[in-house]
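To start, the structure under review is shown below, and the notes come after it.
The values are calculated or read from the model by the stated rules, or taken from the named source; none is laboratory data. Values in this document were obtained by computation on a predicted structure and should not be read as measured data. Glycine also receives a Cβ, built like all others from the backbone with ideal geometry; neighbour counts cover every protein chain displayed.
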Amino acid sequence: MNRFCPKCGKEIKEEEMINNFCINCYLKDNDIIIIPEIEIIFCVKCNRIRYTNKWYDNLEDIERDIAKHIKVKDIPKSKILVKLDLDFEKNNYTAKIIVKTIISGTFKNIEKDVDVVVKKDTCVVCSRIAGNYYTTILQIRFNDKKLQKILSPKIYSEIESIKNSLNSRSAKPSANLHIVKEVKQKTGFDLYLDNLKLAYNLVQHLMKHKTAINFNTSKTLVGLNKEGQRTYRTTFAVHFGNKEKS
Ligand SMILES: [Zn+2]
Ligand SMILES: [Zn+2]
């Protein structure tokens, strides 16, 4: 038997009612789903998205974390799903909140659409790269031309993978290691890096390479910081090649 919602007059099935009202009217008058304002920052350079204090590479992870901030009351056993719909070309940003629940013994999805506040910006990492900000120079040098040709791309991709594994330990992109600039040299290449500590870790990893001969460290005074202390830029030079030649 169908009934009518006393508020909007819509015909409703028994299983679609909450306290005799249609779900829509009941939701309008009662805050069952409590959704805090969803505000994200979109990096226009790398397309990563920041929500709360974290940067995300994919929407699924953000959606899962947004769901954790949503509260549901008055209805039992609810599961919360969030679907973001971010249209950066049309500047149209919404989120569909789906609460899966059981009302009068029937599974029911309650949906609510909310606006998402999007701020477009450049993340710390991208602005460093754009501004060529670096603290450390890593010089990769080969003492043998033939070896350089073979090894150079290998060492480069090794650096990439070491960098990625060092960075995967931290969720904070600004504390990670990035290559902000690359310069080709006659006997190797230079990488400009933004994290001294991780650059040193990287050097230690590289030294395990069987063709690694040695490395040396030098410091250049670059100026004074706000507190008047001297600031230095560190250069690591890692030498690869035939051991008998050096
Ligand atoms: Zn109604
Ligand atoms: Zn970025």
*asked:* Just the residues that are among the small types (Gly, Ala, Ser), part of a helix (DSSP H, G or I) and surrounded by fewer than 18 Cβ atoms within 10 Å (Cβ to Cβ), please, taken from the range 144-203.
replied: 152, 157, 161, 165, 174, 175
*Collect the residues in the range 21-42 that are in a loop (DSSP other than H, G, I, E, B) and either at pLDDT 85 or above or within 16 Å of ligand 2 (Cβ to nearest atom) (or both), keeping them in residue-number order.*
35, 36, 37
*Do the conditions hold for residue 62, that is, is it touching a residue at least 24 places away in the same chain (Cβ under 8 Å) and either buried (at least 18 other Cβ atoms within 10 Å of the Cβ) or of a type in the set (Lys, Arg) (or both)?*
no
*Any hit, the range 21-39, residues being closer than 28 Å to residue 174 by Cα and surrounded by 12 or more Cβ atoms within 10 Å (Cβ to Cβ)*: yes
*Some residue of the range 6-29 being away from ligand 1 (no atom under 16 Å from the Cβ) and not hydrophobic (A, V, I, L, M, F, W, C)*: no
*Here are some conditions: (1) aromatic (Phe, Trp, Tyr); (2) part of a strand (DSSP E or B); (3) within 15 Å of ligand 2 (Cβ to nearest atom). Residue 133 meets all but one. Which one does it not meet?*
(2)
_Boolean, residue 75 is more than 16 Å from ligand 2 (Cβ to nearest atom), in a loop (DSSP other than H, G, I, E, B) and of a type outside the set (Gly, Ala, Ser)_ = yes
